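Below: one structure, written as structure tokens.
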Amino acid sequence: MRQVCFVRFGTHGLSSILITSDGGHILIDGALPESAPLIVANIRSLGFRIEDVKFIVNSHAHFDHAGGIAELQRLSGARVAASQWTADVMNKGAVPRDDPQFGALAPIARVARIETIKDSENLSAGAVTATAHLTPGHTPGGTSWTWRSCENGRCLNLVYADSLTPVSADGFLFTRRKAYHADDFERSFSFLESTPCDILVTPHPEASNLWQHLEQRDFRPDALIDPTACRVLAEKSREQLRKRLATETGR
Ligand SMILES: [Zn+2]
């Protein structure tokens, strides 16, 4: 059986997702540096062991999602895998110049050994397989993850969609980039629109209404299931980008 667990920290929710199987687990995102002991405690409280995490992967290399990965790697001995851009950032521990938020973000703890993954690459731990999807936008190396979860003969497609908000430090223009600009977002929106999606989860849980859905589960067991959720997020994100680009071009 596979499960998804969500971890909440104080007043600020950040997702850390455990996909489990009898033969090992995959952990997605490590939240803040100080989150690592809480993530380990939550894994334990669910009856699993941090030592059985075989892979740690992430959405994007910002301190609030990747900050805890170095410590989680140390505690678990898991392999860490990321997109090339993300791996470079986590290896150096510094936010690079081509990150839209360069100069405005805290650095992250350096992660020593990182394997790189390509678009559509599968990672397996026991019976669990997660697929990487490069979804640039919020950062050039942003990665979304998909997997199937089956229980009592019913299988669902889960999507952990990376942030697609066009947030930047002062002075950065998405319209003035060469290697990385609005077209990259479009590719990510297309992914969201076309990927099989029964349950959507996001690094910031409120972006996929996680807390409301979990509350509704008390009286509606399938409250997390919404086959339109990925398309709705794509639409919202496209509108956010349109507004942002309009402020840059004055149109
Ligand atoms: Zn971020």
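Structure summary
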read-out	value
Accessible area per residue in Å² at 1.4 Å probe, computed on region 105-217	47
Pairwise Lys count, the chain - Cα closer than 24 Å, eight or more residues apart or different chains	6
Of the DSSP H helices in the chain, those whose Cα atoms cover at least 15 Å axially and whose Kyte score averages -1.0 or more	182-194, 229-249
Potential extension, Leu214-Ser124 segment - 0.36 nm per residue separation minus Cα distance	29.7 nm
Carbon + sulfur, % of accessible area of the chain - ligands and nucleic acids excluded, 1.4 Å	50
5 Å binning of all Cα-Cα separations within region 165-245, expressed as whole percents from 0 upward	3, 14, 21, 20, 16, 12, 8, 5, 2, 1
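The values are calculated or read from the model by the stated rules, or taken from the named source; none is laboratory data. Keep in mind that what you see is a predicted model, and the values were worked out from it rather than measured. These area figures cover heavy atoms from the full protein model, side chains too; ligands, DNA and RNA do not enter into them. Shrake-Rupley method; radii C 1.70, N 1.55, O 1.52, S 1.80 Å.
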